Amino acid sequence: MKRKAQAAIEYLMMIAIIMIIIFVVVQLIRRTVLNAAQNIQNLTQSIIEELQKTKEEVSP
């Protein structure tokens, strides 16, 4: 019985460690995606501003 309990505890510990690793990876991916989205939004806004300036310069 002691062997089965030890095996069960080891199994649960492995599951806990895997869940922690998955959580960390998901958080890193989430942060990366949010940063990429913010960079895209900033770049898009810069392009729009530059196009508006160019349009104002061309149209008197």
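The values are calculated or read from the model by the stated rules, or taken from the named source; none is laboratory data. All of these numbers come straight from a predicted model, not from anything done at the bench. Virtual Cβ from ideal backbone geometry, glycine too; neighbours counted across all protein chains shown. In case anyone asks, the SASA skips ligands and DNA or RNA and just uses the protein heavy atoms, side chains included. Shrake-Rupley method; radii C 1.70, N 1.55, O 1.52, S 1.80 Å.
The set of residues from the range 9-60 being within 12 Å of the chain's Cα centre (by Cα) and modelled with pLDDT under 95 is empty. Kindly evaluate Glu49 against the criterion of being among the charged types (D, E, K, R) and open to solvent by 90 Å² or more (accessible area, probe 1.4 Å). When the stated conditions are applied, Glu49 does not pass them.
For the range 1-14, give me each residue that is among the aliphatic types (A, V, I, L, M) and loosely packed, with under 10 Cβ neighbours inside 10 Å. Within the range 1-14, Met1, Ala5 meet the criteria.
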